[in-house]
Amino acid sequence: MTTSGGQSAVARPLRGDVPKTQSMEVLQVAYLHAVAAAAGCTLGSVAPDRGIADWTVGHISEEHTADTESTIKVQLKSTHQVAPSPSGDFWSITLENEHIAKLAQQPVTLPRILVAMILPREIDDWVGVSSDFMTLRHCAYWANLAGTTPSGQGRSNVRIPTANVFDVAGLCSIMATVGRGEVPR
């Protein structure tokens, strides 16, 4: 492809007609799968999704003291409304109060966490591939919303600690905490 000035232009891929928000959901599931696989965890989808959890994550280890298999429920959300590398100790995401109430419920049999992924605005920037690696941009963070009270009307902001990066080390730490019979914070 050449432009009117005779220069080569980079052709954009012909994308399907899936709405951007649904594509965001698919990418965050891929992120969860990649992290869980590298952490040695099992995954189970929750159907139907009732706003409490999209997935269960299991982790089996003889080193767990409460039970050899620790399990958590994960609710996924994604946004491009936040800077890719949030500064400060927290960043906020807006959720429906109904979802917050479900994630905040106490006591629960299985700990529930929110995993929120920050994506670039442009779909072209989400995934990079070369012969050496594949990258998913940008990052996901997690929070346990147990005990959180919605503050807005209909929707509220929840704070997510920037220290709670949802990566392999973070997920392994969460599962080790649950394996000790404790709640991840």
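Below, the figures for the structure above:
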quantity	calculated
Shape category assigned to the stretch 129-168 from the gyration tensor of Cα positions, a/c cut at 1.5	prolate
Gyration tensor (alpha-carbon) shape descriptor, the stretch 17-174, a/c threshold 1.5	oblate
Most to least accessible of His64, His33, His138 (protein chains only, probe 1.4 Å)	His33, His138, His64
Length-normalised contact order of the chain in % [C-alpha pairs under 8 Å, at least 6 apart]	23 percent
The chain: most fluctuating residue of Val165, Val26, Val115 per GNM, C-alpha cutoff 10 Å	Val26
Interchain or long-range residues, amide H under 5 Å from Cys139's placed H	Ile118
Charge dipole magnitude, Cβ of K and R +1, D and E -1 - the stretch 45-144, Cα centre, debye nearest 20	340 debye
Leading residue at positive end of dipole, the chain (Cβ point charges), from Thr42, Cys172, Gln106	Gln106
Whole-percent carbon and sulfur share, accessible surface of the chain, 1.4 Å	51 percent
Fluctuation leader among Arg159, Arg137, Arg15 - the chain, Gaussian network, Cα springs under 10 angstrom	Arg15
Three-way shape label, the stretch 96-185, alpha-carbon gyration tensor, a/c 1.5	oblate
Check: the chain dipole with +1 on Lys, Arg Cβ and -1 on Asp, Glu Cβ, in debye	500 debye
1.4 Å probe accessible area per residue over the stretch 1-147, in Å²	58 Å²
Set of lysines with alpha-carbon distance to Lys102 below 17 Å, sequence-local pairs under 8 removed	Lys73, Lys77
Among Asp132, Asp17, Asp89: highest mean-square fluctuation, GNM of the chain, C-alpha pairs under 10 Å	Asp132
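The values are calculated or read from the model by the stated rules, or taken from the named source; none is laboratory data. Here the structure is a predicted model, which is why all the values come from computation and not from measurement. Every residue, glycine as well, gets a Cβ built from its backbone with ideal geometry; the counts of neighbours run over all protein chains shown. Accessible surface areas use protein heavy atoms only, side chains included; no ligands, DNA or RNA. Shrake-Rupley method; radii C 1.70, N 1.55, O 1.52, S 1.80 Å.
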